[in-house]
1. How long, wide and thick is segment 113-178, going by the Cα atoms along their three principal axes, in whole angstroms, largest first?
2. Pairs of Cα atoms under 8 Å, at least six residues apart: use those to get the relative contact order of segment 66-128, whole percent.
3. Segment 1-159: D in µm²/s via Stokes-Einstein (Kirkwood Rh, Cα pairs, 37 °C, 0.692 mPa s)?
4. Hey, how much of the P(r) for segment 5-73 falls beyond 19 Å, as a percent of Cα pairs?
5. Report the semi-axes of the equivalent ellipsoid for segment 83-139 in whole Å, largest first, where each axis is √(5λ) for an eigenvalue λ of the Cα gyration tensor.
6. Given a Förster distance of 30 angstrom, what is the FRET efficiency for ARG178 paired with ALA152, based on the Cβ-Cβ distance and rounded to 0.05?
7. Can you show me the helix-derived [θ] at 222 nm for the chain, built from DSSP H runs with n ≥ 4 at -39,500 (n - 2.57) apiece and divided by the number of residues, rounded to the nearest 500.
8. Using mean Cβ contacts within 10 Å as the protection proxy, how do 134-143, 62-71, 88-97 order, highest first?
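Read-outs: derived from the displayed coordinates by stated rules, not from any lab. Worth saying up front: this structure is predicted, and the values here are computed from it rather than measured. We place every Cβ from the backbone using ideal geometry, glycine too, and count neighbours over all the protein chains shown.
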Amino acid sequence: MTKESILILPGIGNSGRGHWQTRWQELLPHTRRVEQQDWNHPVCGVWVAALEAAVRSSEPHVVLVAHSLACLQLAHWAASTRCRIRGALLVAVPDPEGDAFPPEAIGFSPLPLGRFAFPSIVVASSNDPYGSIDHTRRCAGAWGSRLVEIGAAGHINAGSGLGAWVQGQALLSELLSR
């Protein structure tokens, strides 16, 4: 069995058919989605444990690709793991203290703001309804991530009309080439 070099981490509700994460999983070799027990009622500790198990069973230099709530999952995981990864792409970081944060998501606050032990890129939209650009800038700075602002792209999801999101694939390639 070939081990994965890319782990896809969808947010709440999973990433559906038209989502760029789903398209990437179909297009890119050695890619696997990290599955959750409950996509609609996420519990941070359970999601973090699933990520830890997935990283441990993957190739040693895996890159994580997180969207939305999974960015918070990744931050909590990074604060507690001893695993090493090649890097992470975090897209559309939500604010767990924001008014739009889903109440069914439990345990994601307070958000760890320690520097990651791996290279990372945070991608932000100027009109994301779940996290302001200022919130995303603070997170990227605290995590030591490179911030890429892509303008008004909503929540950078299927509704944003990005298709296979070529710009995002270029950022992923940058992390994979390290």
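1. 33, 28, 14
2. 44 percent
3. Details: Rh = 15.4 Å.
So the translational diffusion coefficient is about 213 µm²/s.
4. On the way: 616 of 2346 pairs.
In whole percent, the long-distance tail amounts to 26.
5. Three semi-axes, in Å: 21, 15, 10.
6. Values: r = 30 Å, r/R0 = 0.99.
It comes to 0.50.
7. Details: 5 runs with 55 residues, N = 178.
Per the formula, -9500 deg cm²/dmol.
8. Numbers: 134-143: 18.2, 62-71: 27.3, 88-97: 24.7.
Packing order, densest peptide first, comes out as 62-71, 88-97, 134-143.
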